[in-house]
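For reference, the structure discussed in these notes is given below.
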Amino acid sequence: MSNTETATCTDTAFQWTFNSLNQSPCVIASYLGGVCNNGQFNVPPLSVDRVYLGPVPATANSCRCSSVFYSLIAACSACQTREWLNWSSYNTNCSTVYPGIFTGSIPSGTKVPHYAYIDVVGNDTFNTATAFGALDFPESSAIPQSTGTSTSSITGLPAPTQTTSSGSSKAGPIAGGVVGGVVFLAIVAAGLFWWIRRRRNVRTAPSAMVNTGYSAPPAAPPATTTPMSFTSAQPLTTMPAPRLYDPSDPSTYPSTAATSGVFTPPMQQQSLHPNHSGSTYYSAGQAPQTSRYTGAPEL
């Protein structure tokens, strides 16, 4: 910017047109105009009944033919309570117009409010009401330049060469071949070991193949079973109980069979012998002798 007098805002109602650095739209426009003029550009104050004109063909550059610069010039006119040209009248001498963009780099000493980027083509003019509604959007500022240190660290990195790429591409197949060879040799060794062990097992006697250190106890001799005997009684038969002798009762007189006979109850002695097949057989023994009835009266 030059030291020539720059326009100042006189209407405080347009204080919202200032950026966060408290720069008026007139000052911001001077910064952007200087991008295409070696940093030298000035926006002078407007007299009554005067307007800012567009560029002549000789000065119709990308900075002054941008709608961003036009909107800032219009805002600068409004804060001075002056009028401004329509967009189509302003860019008459521009062979190329740049609506909504500023192609140059924003200088580091300023920030551009978002309202400078609003559309002016549709209404063919800068609308202050629409611009006021864009105050919540962030400002545009200069892009931080990378320092010499960071640039040096980036350019100092060695670029990969074709040799490095080729070597790295061959490392995979070589490593794969080595691993495959080791696995193959391990399989062959395992198969050979199994074959040798199998041949040894075939030639070894069956008794020598298993050695558990355990000897079976000798077989027990056949058990001899001693026959068990018991006395088994046959089913008893019933008979009347004998009555005492009564001389006056002839029925109590002893009979001949009673005096001479011997009553032997049907008892027999049996022995139970298990045979070799597991079944039993009976052998009858002599019946035990019982007491006699003599026929004499018993007291």
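Just so it is clear, none of the values below were taken in a lab; they were calculated from the coordinates. Keep in mind it's a predicted model, so treat the numbers as computed, not measured. Neighbour counts are summed over all protein chains in view; Cβ atoms, including those assigned to glycine, are modelled from backbone coordinates with ideal geometry.
Expressed in Å, the radius of gyration and Dmax of the Cα atoms of segment 20-141 are 13.1, 37. Model label sites at V48 and I101, defined 7 Å from Cα along the beta-carbon direction, differ in position by 4.4 nm. Annotation for A189 and D124: the two label points, set 7 Å from Cα along the Cα-Cβ direction, are 9.3 nm apart. Qualifying trypsin sites (Lys or Arg not before Pro) in segment 46-107, where qualification requires a DSSP coil assignment and no more than 14 other C-beta atoms within 10 Å, comprise R50. Given +1 at the Cβ of Lys and Arg, -1 at the Cβ of Asp and Glu and no other charges, the dipole of segment 20-141 around its Cα centre is 260 debye to the nearest 20. In this rough spin-label picture, where each label sits 7 Å from Cα along the Cβ direction, the S20-E83 distance is 3.7 nm. For the peptides 112-125, 87-100, the ranking by packing is 112-125, 87-100, with the highest mean count of neighbouring Cβ atoms within 10 Å listed first.
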